[in-house]
1. Probe radius 1.4 Å, ligands and nucleic acids left out: which of W210, W133 has the largest accessible area, and how do the rest follow?
2. Hey, got the dipole for the chain? About the Cα centre, +1 on K and R Cβ, -1 on D and E Cβ, debye to the nearest 20?
3. Tell me which residues come under 5 Å, amide H to amide H, from K189 once H is placed; ignore anything under 5 positions away on its chain.
4. If you put +1 on each Lys and Arg Cβ and -1 on each Asp and Glu Cβ, how big is the dipole of the range 141-213 around its Cα centre, in Debye rounded to 20?
5. Would you check the accessible area of H144, probe 1.4 Å, heavy atoms only, in square angstrom rounded to 10?
6. Express in % the proportion of alpha carbon pairs of the chain at distances exceeding 26 Å.
7. Across the range 201-213, in residue order, what do the Karplus-derived ³J(HN,Hα) couplings come to in whole Hz, using 6.51 cos²θ - 1.76 cosθ + 1.60 with θ = phi - 60° and x for Gly and Pro?
8. Would you give the gap between the C-alpha center of the range 131-188 and the C-alpha center of the range 27-53, rounded to a whole Å?
Amino acid sequence: MVSRKEKPLSQAIRDRRTTPHFSPAPVPEEDLQQVLDAGLHAPSGYNTQPWRFVVVRETKRKKKLKKAAMDQGRVAEAPVVIVACGDSADLGGEVLEEMLALAAEHGYGDQAQHERVRKNFPKFLAEVETAVWLNRQVAIALTHMMLMAEALGYDTAIMEGFHEDQVKALLDIPASAHVVALLCIGKLKGPDKPFGGRFHRRRTVFPEKWGEE
Ligand SMILES: Cc1cc2nc3c(=O)[nH]c(=O)nc-3n(C[C@H](O)[C@H](O)[C@H](O)COP(=O)(O)O)c2cc1C
């Protein structure tokens, strides 16, 4: 359901900046849940949903997280920091069966399709680099969250500047998981970061074949 206060998607995309400072204004629970829901609604390979999100709000813990995040002040300033991870722990048969049961519950897929998935997914996984695959899934979910936060009138800062081992130790993240990024959410304090521009699309978008104009 679309809330009355949501910005149109095109405006959310245009308005979003990596926020330089956050005010202490809280993110109400209902809005936070809506942001998380947006991420959990994202697509993922074989619908395996290997993302895990640790939602950090306690002041003391955020201060420690800030240290692990190369002392980036926004981690302590923002009322909410979502630590986005990808977990390789249960990518074997169990998660597939869970996913297939969920699909059946929703009336999706027949026996033949399910058998194909059981056969294909392990082969597919054996061919990709797990960390790359996990990053791909989690990044898409994070993007959904970032834009939903913006649509609801919040500001965000996504971060890759952190020491993974320190973040994992602080939040009890298991060895099987990779920390993909931190997402700070709150309200901008002071002037926003100016738009830094984007390369001309001639440099980054090719019709039909790489390098063609
Ligand atoms: C995956 C990712 C990680 C990033 N990590 C950091 C970070 O650790 N610290 C930071 O200040 N900005 C970080 N940024 C923000 C980028 O510098 C920023 O997106 C870019 O300069 C474009 O600015 P804009 O987001 O305001 O459009 C990150 C962005 C992305 C997408």
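1. W210, W133
2. Roughly 1060 debye, rounded to the nearest 20.
3. HN-HN under 5 Å from K189: H21, F22, S23.
4. On the way: 9 positive and 10 negative charges, 64 e Å.
Charge dipole, the range 141-213, about its Cα centre: 300 debye, nearest 20.
5. Here the residue's solvent-accessible area equals roughly 70 Å².
6. On the way: 10140 of 22578 pairs.
It works out to 45 percent of all Cα pairs.
7. For the range 201-213, the Karplus curve yields 5, 4, 7, 10, 10, 10, x, 6, 9, 3, x, 7, 10 Hz.
8. Using only Cα atoms to place each centre, the spacing works out to 11 Å.
The values are calculated or read from the model by the stated rules, or taken from the named source; none is laboratory data. Quick caveat: nothing in here was measured; it's all calculated off a predicted structure. Positions of Cβ are backbone-derived with ideal geometry, glycine not excepted, and every protein chain shown enters the neighbour counts. Each accessible area value is taken on the protein alone, full model and side chains, heavy atoms only, with ligands, DNA and RNA left out. Shrake-Rupley method; radii C 1.70, N 1.55, O 1.52, S 1.80 Å.
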